[in-house]
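Coordinate-derived values only; no laboratory data. Just so you know, these numbers come straight off a predicted model, no measurement behind them. Cβ placement follows ideal geometry from the backbone for every residue including glycine, while neighbour counts extend to all protein chains displayed.
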Amino acid sequence: MDCQDRKGFTLIELLAVIVILAIIALIATPIIVGVINKSKKNAFMDTAYGVVEAGKLYYAKNFGNDAFAGKTFVFPADSDELKLAGEKPGGGSLEVTDNGKQVLAIYDKGKNWCASKGAEDSKVTVEKYEEGKCGTESSETGYKAPELKGADPALGEGMIPVTIAADGTVKKADTSSKWYDYENKQWANAVLVSSDVRNTYNNGDSIPEEKILGYFVWIPRYKYKLFNTDNKGVPEQEIEVVFESKGTSKSNGSTNGTYLTHPAFTFGSKELDGFWVGKFETTGSISSACTNENCMTANLTVKPNITSVRDQTVSSMFYATRSMSTVSNNAYGLKASEINTHMMKNMEWGATAYLTQSKYGRCVDGTCTEVGINNNTSFLTGAGNYKTNINQSTTGNITGIYDMSGGAWEYVMGNMKDTSGNFYVSNAGFNGASDPKNPDSMYYDSYENDSSYTSHGRGLLGDATRETLKTFGSNTGGWYSDYAIFPYNAYSWFIRGGNYDNGTNAGVFGFYRSFGTANSSYSWRLVVHK
């Protein structure tokens, strides 16, 4: 046969076929990739919903069938994040790896269940939500389970959320955006203002200092890891804190390494999401001693760079503070039916000190620094210029709390019982142990009677007395060499923080004893909560 009779493709025909195939591939590839990605997404969604269902079953079994009533989990069109439609009881996070494997965790921070599935797991794991985390880390994806966050600051009527710039400029905060950041040591602040401007400020407006009656800082509810339950001297160390909300099941640890929800967030029978602490020692005036909760002789403020109020008995301090939220004294705009004002308790001082000694306060990578002393000899709050004296703040910046080291000694509501086990009035101005006008027990912390000022075993977990002793049973054995004198004999009241001239013995972990009498070197601090 002649070679010219053989059949085959010419070069032009081959090129044409290749071009056609390339065009088909160009059209088909995105479709195929889309189908693959959609399959991955659908598989991922199926797995996610499987996790949700496992969580629902666990939740219903342990906490009731109505736990998810009216609530559904959905995927937004623009995100791989799992959302909950309706009131959100918890949250979750999901991730798809390059090879299509899933990593996800669904949790409920109110009832402590956690459902998770890792990249290499074949089934969903449902477990107790521990230590603010859910699921495990994956080295393949870099996924880290979400950390439990506390509730937003509880603002009562009359309280204005604010941001404070480094130069002291105060502006009304927009609470729909990020106005505080405890991860970066930016604590939430709020102010009370005079009645003539109370309803005039919009988000972003500056609030002049002369219109401010009081500055307050939010202490969010948390649990902490116990580190010294066995009454030993321990060195200064970072305190591990995990934020939570009042809907979270309380942690009731009692041994080292376990977690305890800080007792300061239980006020009588009420659970708190947190409380507001006076940013400075109490200022203003008390023209005559207060003898009841409708004290009209008190004009209290919490302001920087002025002399703190001193030379008052514990009872006068207590009643003057309570009068700020009574119906008959509405100068502050606080609604008595929702707001409680009281003199700081010893346990609340401890909660503030522990947050200070955490990564959210004065600690960085496990190394902590002591709060600087206010050594102003005129008892000026913020040492006369809080804008520049930021080392005296619990955060080391202007958003923290001042005067907790030095300034004036501060009376707190911490009372040692008398020898009969009753409320020990001593010389505080109250009318005897059984008087009905004495404070309700929720307004003070009670300690066992003793005749020794170094019997520190009487201290309570969380109050920054016995747990934070560097040398147990010593008068200057507190962390950072702070004073550690426990109430004894007729000295039935705690004072905290130290005086301006106490040097290294002053500090947030310092405590001493007193009769409860008026003293020109003693002031106190306000607490407000819903």
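For a footprinting-style exposure proxy, rank Ser492, Ser520, Ser323, Ser405 by other Cβ within 10 Å, fewest first.
Fewest-to-most ranking of Ser492, Ser520, Ser323, Ser405: Ser520, Ser323, Ser492, Ser405.
Report the extension gain between Asn231 and Ile18 in nm, rounded to one decimal, defined as 0.36 nm multiplied by the number of residues separating them, less their alpha carbon distance.
68.3 nm
Which links in Lys172/Lys303; Lys185/Lys387; Lys185/Lys335; Lys223/Lys359 stretch past 22 Å when you go from one Cα to the other?
Lys185/Lys335
Extension gain Met296-Thr169, at 0.36 nm per residue separation less the Cα-Cα distance, in nm?
42.5 nm
Quick one: if the Förster radius is 45 Å, what FRET efficiency do Thr200 and Ser441 give, using the C-beta to C-beta distance and rounding to 0.05?
Efficiency for this residue pair is about 0.65.
For Lys303, Lys387, Lys279, Lys171, what ranking results if the residue with the fewest other Cβ atoms within 10 Å of its Cβ goes first?
With the fewest neighbours first, Lys303, Lys387, Lys279, Lys171 line up as Lys387, Lys171, Lys303, Lys279.
Sort Ser308, Ser249, Ser285 so the one with the fewest other Cβ atoms within 10 Å of its own Cβ comes first.
Fewest to most other Cβ atoms nearby, the residues stand as Ser285, Ser249, Ser308.
What is the distance in Å between the Cα centroid of region 443-511 and that of region 316-390?
18 Å
Quick one: if you stick a label point 7 Å off each Cα along the C-beta vector at Asn256 and Glu210, how many nm between them?
Modelled inter-label distance: 5.7 nm.
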